[in-house]
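> Just passing along the structure, written as structure tokens.
Where a number appears in this text, it was derived from the coordinates with a stated rule and is not lab data. Since this is a predicted model, take the numbers as computed values, not measurements. We place every Cβ from the backbone using ideal geometry, glycine too, and count neighbours over all the protein chains shown.
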Amino acid sequence: MKQLYYDVKKCLGCKSCEIACALAHSVTNELFKALKEEALSLPRKKILHHKGKNYPVSCRHCKDPKCVDACMACALTYDKKAGMVLHDENRCVGCWMCVMVCPYGAIRPNIIKKLPLRCDKCKDKNEPSCVKACPTGAIIWQEEIEVTK
Amino acid sequence: MKKFVVIGNSAAGIAAVEAIRKRDTESKVIVISDENYATYCRCLISYFLAGDIKEEKIIYRPESFYKENNIELLLNREVVRVDPKKNRIICNDKVQFDYTSLLIATGASPKIPEIKGLKKRGVFGFRTIENAKSIEGLIPVTKTSCVLGGGLIGLKAAYALKKRNIDVKVIIKSRQVLSQMLDFEAAGFVQRRLEENGIEMVLGQDIQEVIGNGDIKAIKLDSGKVFDSSLVVVAKGVSPNIDLVKETEIKVGEGIIANNLMQTSVPNIYTAGDCAESFDLTAGAYAINALWPVAVEQGKISGANMAGENLNYDGSFGMNSIDFFGLPVISLGIYKLKEDSHGYEELKVSDTKSNIYKKVIIRNNEVVGATFIGDIRNSGIFLRLIRERIDVRTFRDRLLQENFGYPDIMDFVKEKERLYV
């Protein structure tokens, strides 16, 4: 199962991934049209800076997801087969429990739409849009590396 | 064959049976509930009453859940007594069950104060789907209502009634809303948002009497004020359902005492959720944190340990998250310092114009509390700082900065970072 990795030495913090992410989740998928959409599409990935380096932060699809446990509406579920945390917008009531418990601060609230913003690995595409958008190849999309405890 | 009995069919009970079945697919598992409804999202009853969601959205697990997991579900049956010596429980219909290992996840019930007229028709607790449906049934004939209590449940009930175009007044004994999760200043933000949306708050006054013959007509406060009201929702806190262990060797405080394995004082009996009193990480003492995510955590640990694991539960603490008319509110751990407390530091940002309030409470260089209103981004990072008791000295000044986040704490967390290479 594929996962997003980041070579932070290469990350310039240019936010191309943020733009690509917002665009990929817009209605029109076209930059200038997307900017005029009624509800502006927001990125599910954010670049944070720390000690001179840049870190793209987004949902990691944890294997033991705290957000799924905390979801009081059962809108968040873990799909073991796909290795993904899925979100059902129709069930979500916007209570922000997931935002409260995410250990990475990777779920951001879309207050206007009352929905959490989370990486969905661009599941309908071949690969997440941020990967291609990264000009330095800092975002790596590859099979998961098993970490031995 | 081993026999696991779980009393309670909500957050803790379901998390427990899932944890058991993850490890043991053979043994017998029985879930007993005093409600007549398969497992549902208790916290959504206000959204249901408000008309925000349909009844089918309240179902927590699909109908097939029990069958697929080979769980025997017994509804509408109250366990009245636990007999630890005989490893047996007794139900209200005299039926008995024996067990190898038992989980008491009986939850809590609304506290109904001793007030004249409070037993009249039209007075409701707000805890179960049945409560919500009963209130729903009266909505067509209700114009005025009162909610007693300005806590989370009370305010959610008020929101729902208001959404149904019913005039609603919230009667709050203390001087602020949400006095169990916010300080006075923070509460002001929430109160304003509710008032802007037509919910009236009556602070510093308590109910004295419910007036009416048969049906409710009005309520009278201790200040002498009288408000028209044909419906009353009582939301003055909950008390744990622990009568079933009275006069047994199972140790109780306010709730059933759970150790770090979620075990009671009787080793093959576990407890979790709103009836369980566990170590509170921020208070440093035993407490009940009757909250959905806490119940799931505790249920998960109990279930795993019942099935033979030895998982440690660090402890609970207050964690509340709610959105009132587009104003998000999150409160973690300690939210208010007592006047005589020493050794605490507070960091705060308060901006009434943009409706943003953020506060962090630090003790011995560890975060022990955090409040976020308006801007709740990264609150999960604070939950982690509290839970993992991370020393914040090196990034203390960054805590309330705009771009604070996971990279700031990643060198200090327990789990090894693996995505950044």
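> Between region A:68-114 and region B:19-80, how far is it from one alpha carbon centroid to the other, in angstrom?
So the separation of the two Cα centres works out to 20 Å.
> Rounded, prolate or oblate: which one fits region A:62-104, using the alpha carbon gyration tensor with axes a ≥ b ≥ c (rounded when a/c is under 1.5, else prolate when a/b beats b/c, else oblate)?
Oblate, since a/c reaches 1.5 and b/c is not below a/b.
> What FRET efficiency comes out for the pair residue B:355/residue B:100, r = Cβ-Cβ distance, R0 = 45 Å, nearest 0.05?
Once the sixth-power term is evaluated, E becomes 0.25.
> Label 7 Å along Cα→Cβ of residue B:143; region B:187-219 residues with amide nitrogen under 14 Å?
In region B:187-219, the label zone of residue B:143 (backbone N under 14 Å from the point 7 Å along Cα→Cβ) covers B:217-218.
> So, one more: What do you get when you divide the Cα radius of gyration of region B:326-409 by 2.2 N^0.38 Å, with N the number of residues?
Working: Rg = 12.3 Å, N = 84, 2.2 N^0.38 = 11.8 Å.
Cα Rg divided by the expected 2.2 N^0.38 Å: 1.04.
> Further, regarding this structure: How many nm separate the modelled label positions at residue B:165 and residue B:116, each set 7 Å beyond the Cα in the direction of the Cβ?
In this crude label model, residue B:165 to residue B:116 measures out at 3.6 nm.
> What whole-number distance in Å separates the alpha-carbon centres of region B:150-185 and region A:5-47?
That distance is 39 Å.
> Next question. Which of the aspartates and glutamates could be linked to residue B:300 by a straight reach, that is with a Cα gap under 17 Å, when you skip same-chain ones fewer than 8 residues away?
Within reach: A:64, A:69, B:18, B:24, B:274, B:277, B:309, B:314.
> Out of the GluC sites (Glu not before Pro) in region B:110-213, which ones are loop residues according to DSSP with at most 11 other C-beta atoms within 10 Å?
B:114
> Hey, another quick one. Subtract the Cα-Cα distance of residue B:344 and residue B:397 from 0.36 nm times their separation in residues, and report this length gain in nm to one decimal.
17.5 nm
> Given the convex hull of the Cα atoms of region B:123-236, what is a quarter of its surface area in nm²?
Its Cα hull, projected and averaged over all orientations, spans 6.6 nm².
> Also, I was wondering about something else. Report, to two decimal places, the Cα Rg of chain B normalised by 2.2 N^0.38 Å (N = number of residues).
Rounded to two decimals, the normalised Rg is 1.03.
> Let's test the formula: R0 of 60 Å, r as the Cβ-Cβ distance of residue A:31 and residue B:68. What FRET efficiency results, to the nearest 0.05?
Working: r = 46 Å, r/R0 = 0.77.
Using R0 = 60 Å, I get an efficiency of 0.85.
> Give me a single rounded figure for B:35-45: the average over its residues of other chain Cβ atoms within 10 Å of their Cβ.
On the way: counts 0, 0, 0, 0, 1, 1, 7, 1, 5, 6, 0.
Per residue, the number of nearby Cβ atoms from other chains is 2 on average.
> Of B:338/B:358; B:2/B:85; B:111/B:358; B:173/B:251; A:113/B:336, which pairs sit farther than 24 Å apart, going by alpha carbon to alpha carbon?
Distance filter (> 24 Å) returns B:111/B:358; B:173/B:251; A:113/B:336.
> Kindly provide the GluC sites (Glu not before Pro) of region A:17-65 that DSSP labels as loop, not H, G, I, E or B, and whose Cβ sees at most 12 other Cβ atoms within 10 Å.
Numbers: sites: A:18, A:30, A:37, A:38; in loops: A:30, A:37, A:38.
Here the GluC sites (Glu not before Pro) that fit, given the DSSP loop and packing criteria, are A:30, A:37, A:38.
> Find the cysteines in chain A that fail to meet the 4.7 Å Cβ criterion with every other cysteine, and list them.
A:11, A:14, A:21, A:62, A:71, A:74, A:92, A:95, A:102, A:122, A:134
> Would you mind getting me the FRET efficiency between residue A:49 and residue A:132? Use the beta-carbon distance for r and R0 = 25 Å, nearest 0.05.
Given R0 = 25 Å and the Cβ-Cβ separation, E is 0.60.
> Relative contact order of region B:123-236: what whole-number percent is it, with Cα pairs under 8 angstrom and at least 6 residues apart?
Rounded, it is 33 percent for region B:123-236.
> Using θ = phi - 60° and the Karplus form 6.51 cos²θ - 1.76 cosθ + 1.60, what ³J(HN,Hα) does each residue of region B:135-144 get, whole Hz, x for Gly and Pro?
Values, residue by residue: 5, 3, x, 8, 4, x, 10, 10, 10, 10 Hz.
> Moving to a separate point now. Hey, can you grab everything whose amide H is under 5 Å from the amide H of residue B:211? Only 5+ residues off in sequence or another chain; H modelled, so Pro and N-termini drop out.
Those lying under 5 Å, H to H, from residue B:211 are B:217, B:218, B:219, B:220.
> Once label points are set 7 Å from the Cα along Cα→Cβ at both residue B:92 and residue B:283, what is their separation, rounded to one decimal in nm?
Taking the simple label geometry, residue B:92 and residue B:283 are separated by 2.9 nm.
> Now a separate question. Using a 7 Å offset from Cα along Cα-Cβ at residue B:180, what residues in region B:369-396 end up with backbone N under 20 Å from the label point?
Once the point is set 7 Å along Cα→Cβ of residue B:180, B:369-372 turn out to lie under 20 Å by backbone N, inside region B:369-396.
> To the nearest 20 debye, what is the magnitude of the charge dipole of the protein assembly as shown about its Cα centre, counting +1 on the Cβ of each Lys and Arg and -1 on the Cβ of each Asp and Glu?
The calculation lands at about 720 debye.
> Quick query: amide H of residue A:140 versus all other amide H atoms, modeled in the peptide plane; which residues come in under 5 Å with a sequence gap of 5 or more or a different chain?
Here the answer is A:5, A:6, A:7, since their amide H atoms fall under 5 Å of that of residue A:140.
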